[in-house]
Amino acid sequence: MKIHKPIVLITGATAGIGAATAKIFAENGYPLILTGRRQARLEALKEGLNTEVLTLCFDVREKEAVKNNLLNLPEAWKNIEIIVNNAGLAAGLAPIQSGEVEDWEQMIDTNLKGLLYVTHSLVPGMIERGNGGHIINVASIAGKEVYPNGNVYCATKHAVDALSRGMRMDLLPHRIKVTNIAPGLTETEFSIVRFKGDVAKAGTVYAGITPLYAEDIAEVIWFAATRPPHVTLNDIVIMPTAQASSTLVNRK
Ligand code: NDP
Ligand code: 8X3
């Protein structure tokens, strides 16, 4: 197989922002490595994309699984140039005194440690190849401000925001771009996951507004990834027009 365009790896490609990002890169002929825990979804997504796709089914919380998958890529797929660290979730929305410790662990292990495992597996290769590269971290406005009951989710996204800045400094000599994306209210499976399958409750998060959609964020990721080599978009905050901050939303 001959690969011409940069290889893009997207974590959390089975739904929402990750899936929409996969589609926009596929439409433009980029070869894609798509990851997530739901194999059937990965296969269905691959089926609908008109580009070369490698699917990898693993949980970003499992350090050994991340390493086994990403350090043993088939030869043709090793030269990843763009990493979209997107896999993540909120679990629960509760005051600090009554939050579930298991929810906290899931968010910390996925949003923070998982992102680190993926990055740590792939960046040494990027540096060794010496062609630069691009890491795009999907953080959140929850990484810019804290909202009531968002405590641990906000902490994980503040950590991602800090990591984006730290990575940018450390990778500067290697010409590896780092872009932090901070979306506001985006209607995906995010709130259904946060409220553990309660679709009605999830719907109230977006009630009375036109939220962002996964495609809106995918377009921004695509734009950031396709700037010329001398241009880096460091940090992008994107909200629906009906939102001014985490807690200030203009609902009809
Ligand atoms: P979705 O729930 O629609 O998608 C989340 C994706 O993350 C899924 O593909 C899921 O795949 C993957 N994922 C979750 N946990 C794991 C895990 N342990 N291992 C591997 N993959 C995992 O939500 P979004 O698309 O909205 O979320 C994508 C990112 O955007 C997240 O980091 C989220 O925090 C962030 N974000 C979302 C906003 C929103 O309002 N929706 C706003 C700001 C940021 P699978 O279940 O198959 O593993
Ligand atoms: C998701 C956006 O405001 O629900 O990161 O935390 S918010």
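The values are calculated or read from the model by the stated rules, or taken from the named source; none is laboratory data. Keep in mind the model is a prediction, meaning the values are calculated, not measured. No Cβ is skipped: glycine too gets one built from the backbone with ideal geometry, and neighbour counts run over all protein chains shown. Calculation scope for accessible area: heavy atoms of the full protein, side chains included, ligands and nucleic acids excluded. Shrake-Rupley method; radii C 1.70, N 1.55, O 1.52, S 1.80 Å.
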Is it true that some residue in region 80-89 is open to solvent by 60 Å² or more (accessible area, probe 1.4 Å) and within 16 Å of ligand 2 (Cβ to nearest atom)? no
Show the residue pairs that are 6+ apart or on different chains and have beta-carbon atoms under 6 Å apart, the first residue being within region 140-156 and of a type in the set (F, W, Y), the second being open to solvent by less than 60 Å² (accessible area, probe 1.4 Å). Y147/S246; Y153/A90; Y153/M107; Y153/A142
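Matching residues to (1) more than 11 Å from ligand 2 (Cβ to nearest atom); (2) over 16 Å from the mean Cα position of the chain (by Cα); (3) among the hydrophobic types (A, V, I, L, M, F, W, C):
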position: S164; (1), (2), (3): yes, no, no
position: T179; (1), (2), (3): yes, no, no
position: I192; (1), (2), (3): yes, yes, yes
position: K201; (1), (2), (3): yes, yes, no
position: E215; (1), (2), (3): yes, no, no
position: F223; (1), (2), (3): yes, no, yes
position: A242; (1), (2), (3): yes, yes, yes
position: K252; (1), (2), (3): yes, yes, no
In region 1-18, what count of residues is obtained for those that are in a helix (DSSP H, G or I) and open to solvent by 10 Å² or more (accessible area, probe 1.4 Å)? 2
Check on V249, open to solvent by 30 Å² or more (accessible area, probe 1.4 Å), in contact (Cβ under 8 Å) with a residue 24 or more places away in the chain and not basic (K, R): yes
So, in region 192-217, of the ones that are touching a residue at least 60 places away in the same chain (Cβ under 8 Å) and near ligand 1 (Cβ under 8 Å from one of its atoms), which residue ends up surrounded by the most Cβ atoms within 10 Å (Cβ to Cβ)? I217
